């Protein structure tokens, strides 16, 4: 069965293995085929943001909209107006010499307000009167007559139905391939009554596509049945310029530009353009009422392009611009004309898709390949930097070159990859954390085990040290006590004491340099050697220097760690208090007596054991009186440190032991020394092992107590 | 602890120790000390004047290096130990093995081949 850790590891490496690059390539592939889910929405939204951030400034005002607004309706009656009234308005317009007039109004049926048609709604009308009235020209004829007076344009609406219609369109000049199949296509169109269509100068298609209430792209040319028709804006330009045809330039499979004579406007592949909006502006509008009542200045419309449309009707929905303004449809045509005049039409260039794809690839690779090798704080810097750079590039291309570059897609991809990478690293960290926890637990278990073994070693070590007081309980000539307190669990100090024969007591105190396990091993070896050499050799000559030399020879021979041990060994004759001793580099012991200041036991026997391979150690002698105590200690006593790193030192020890009386026992003195040291150290970590041995010869009274 | 070395002349190197020569301090310089003492110079003078304290582990470090210098036929001396450090050296009998000098000229003279 797999552990959780293994299963998590199965998932985690996916980001660093093949799935990340394959996923990246898949996303970029979908980008090129335009099938990335919701990418279009994201893209158009980002293009809207460009326009909202930097709306177009209106430079020239070539267009005026004659607006059939609320005021006009109030004054001249409800829509539809009789076409005689439209004819009247058009006649007024012609007097003001506009460059051209285009109607954003479709008139598919004959005007039923025409005089002859009105008669049928009058009951019991005199047939003679009807004949006379029907001799009058129809309203459509009146409008047709007015349309013939100048550069007029009528529009049709592209629809998809089976009803055939006669489509009239200006001639198209083709540069390159026939664009027909590449354009926005309608099977037929809703046209105006033939009388008007025949009268009018130019023919245009009015249709725009509305996406979720917003007009973003408008075809400059569209195909209707078998014909290619110009948009209202393009056609009014053609009519005004007096050009016989409009031009469509195409490369294989796509339209490149659309225009009139030399004025070519780059378009998208289907002949449409993205509308570059400026905010809604009432100064584009002139009320139709002002034309009809003649209250307008005569020059106001001179050489202008006039679009006739509605704003005042509850009948039409107002589409939104990319800026979020709700405007009459006719204003969108006006704005397109402004951008053509100012040369500020927008273009999403053909190379944009490739550029965007390349940027996606580069950033994707940076995230996949680069990020795992970088510190996390650089990730954030790079992410912020890359996003800021992309936004700046997008904005700059838009404002300076009127190009629509989609930076939202690379930013989204970057965020997506980064998110995936973060998720991946979170999973990894979880796995690592788990592994670390496991390690920690096993380390703890190991440590506990080691501690157990160390405790066993300590019990063993303490066990081989004799209990001095208990050992000599039966020996009334001797008062002895000893204590060893390791700094770590096991120590490098040692002491020993035993009766060599009936009257002589052998004792040793040693201190191995260093502490811990190596020192403790060395200590055990040393103690054992002294004892065995003492027991084996002939000690009747009391030659402890020779004993020390023997032990030194043994110990120094196998000592790769260069450890050494200082030692004080002694042989006390309980019959006369004669001490024979050898001091191998050890602290000089103190001799204490009631009423006397402690003094040192002089005499150096030689260097510490195992420093010199062979050394003739010297033997010393001292004769005890029964009042005197011998206090042998290791440097753990004198070199104890207070929390302020102050050394305890021999003077303090002497001071602490200077107040003994005749009733003080060896055990009391050990206690006095230890408590004085502990008080001084005040809880600081012990720097070295601490050993003290105190002994006194009570005099040769084999069966008497000595108080 | 800190340790530095300087050349007295072509044959003699002076090693300057500073800091407490306890387990922790010796642990910091042990390797460097051994490396410097192993230099091919005939004489090694160890300046102890900046060592305020020395435990038995310090004695061991001095002894090990003294031994390695002696093994290649060189001379190893100590210079100017502070009073309590000198006391430790005398107590443990090290002064009988490693010569202690209180003045640089004498030390230099004693290790010059």
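The values are calculated or read from the model by the stated rules, or taken from the named source; none is laboratory data. Bear in mind the structure is a predicted one, so any value in this text is a computation, not a measurement. With ideal geometry, Cβ positions are generated from the backbone for all residues, glycine too; neighbour counts draw on all protein chains shown.
A few remarks follow.
- Scanning segment B:74-103 for residues that are within 14 Å of chain A (Cβ to nearest Cβ), on the phi < 0 side of the Ramachandran plot and assigned to a loop (DSSP other than H, G, I, E, B) yields a total of 4.
- Condition check for residue A:510: touching a helix residue (DSSP H, G or I) at 6+ places or on another chain (Cβ under 7 Å), assigned to a strand (DSSP E or B) and in contact (Cβ under 8 Å) with a residue 60 or more places away in the chain: yes
- Entry remark, segment A:276-330: residues being closer than 26 Å to residue A:207 by Cβ and not in a helix (DSSP H, G or I) number 33 in total.
- Output for segment B:26-71, where each listed residue is more than 12 Å from every other protein chain (Cβ to nearest Cβ), in a helix (DSSP H, G or I) and in contact (Cβ under 8 Å) with a residue 12 or more places away in the chain: B:28, B:29, B:32, B:33, B:36, B:37, B:69
- Checked against the criteria, residue A:522 counts as within 14 Å of another protein chain (Cβ to nearest Cβ), more than 30 Å from residue A:656 (Cα to Cα) and either in contact (Cβ under 8 Å) with a residue 12 or more places away in the chain or surrounded by fewer than 20 Cβ atoms within 10 Å (Cβ to Cβ) (or both).
- Residue that is surrounded by the most Cβ atoms within 10 Å (Cβ to Cβ) [pool: residues in segment A:565-600 that are within 11 Å of another protein chain (Cβ to nearest Cβ) and more than 14 Å from residue A:617 (Cβ to Cβ)]: A:587
- Restricting segment A:344-373 to residues that are out of contact with any strand residue (DSSP E or B) (no Cβ under 9 Å at 6 or more places or on another chain) and outside any helix (DSSP H, G or I), the residue that is farthest from residue A:417 (Cα to Cα): A:344
- Segment A:178-209, residues that are assigned to a helix (DSSP H, G or I) and closer than 19 Å to residue A:273 by Cα: A:180, A:181, A:182
- Helices (runs of 4 or more DSSP H) completely within segment A:31-119 that count 1 or more residues being without any contact (Cβ under 8 Å) to a residue 60 or more places away in the chain and under 26 Å from residue A:202 (Cβ atoms): A:83-95
- Taken over segment A:437-487, the residue count meeting the criterion of being under 42 Å from the mean Cα position of the chain (by Cα) and touching a residue at least 60 places away in the same chain (Cβ under 8 Å) is 1.
Residue by residue, here is whether (1) within 14 Å of chain B (Cβ to nearest Cβ); (2) touching a residue at least 40 places away in the same chain (Cβ under 8 Å); (3) in a strand (DSSP E or B); (4) crowded, with 19+ Cβ neighbours inside 10 Å holds:
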{"site": "A:602", "(1), (2), (3), (4)": "yes, no, no, no"}
{"site": "A:613", "(1), (2), (3), (4)": "yes, yes, no, no"}
{"site": "A:616", "(1), (2), (3), (4)": "yes, yes, no, no"}
{"site": "A:621", "(1), (2), (3), (4)": "no, yes, yes, no"}
{"site": "A:626", "(1), (2), (3), (4)": "no, yes, no, no"}
{"site": "A:630", "(1), (2), (3), (4)": "no, yes, yes, yes"}
{"site": "A:645", "(1), (2), (3), (4)": "yes, no, no, no"}
{"site": "A:652", "(1), (2), (3), (4)": "yes, no, no, no"}
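- Filter result for residue A:488 (at pLDDT below 85 and over 23 Å from residue A:615 (Cβ atoms)): yes
- Qualifying residue in segment A:377-389 (condition: outside any loop (DSSP other than H, G, I, E, B) and within 27 Å of residue A:281 (Cα to Cα)): no
- Evaluation of residue A:453 against the conditions (1) outside any helix (DSSP H, G or I); (2) modelled with pLDDT under 90 shows that the sole unmet condition is (1).
- The test for being at pLDDT 90 or above, in contact with a helix residue (DSSP H, G or I) (Cβ under 6 Å, 6 or more places away or on another chain) and within 30 Å of residue A:266 (Cβ to Cβ) does not hold for residue A:413.
- When residue B:18 is tested against (1) surrounded by fewer than 22 Cβ atoms within 10 Å (Cβ to Cβ); (2) more than 12 Å from chain A (Cβ to nearest Cβ); (3) under 21 Å from residue A:564 (Cα atoms), only condition (3) is not met.
- Single unsatisfied condition, residue A:553 versus (1) outside any loop (DSSP other than H, G, I, E, B); (2) within 14 Å of another protein chain (Cβ to nearest Cβ): (2)
- Number of positions in segment A:487-517 that are within 14 Å of chain B (Cβ to nearest Cβ), in contact with a strand residue (DSSP E or B) (Cβ under 8 Å, 6 or more places away or on another chain) and surrounded by fewer than 23 Cβ atoms within 10 Å (Cβ to Cβ): 1
- Filtering segment A:671-692 to residues that are within 14 Å of chain B (Cβ to nearest Cβ) and surrounded by fewer than 18 Cβ atoms within 10 Å (Cβ to Cβ) leaves A:684, A:685.
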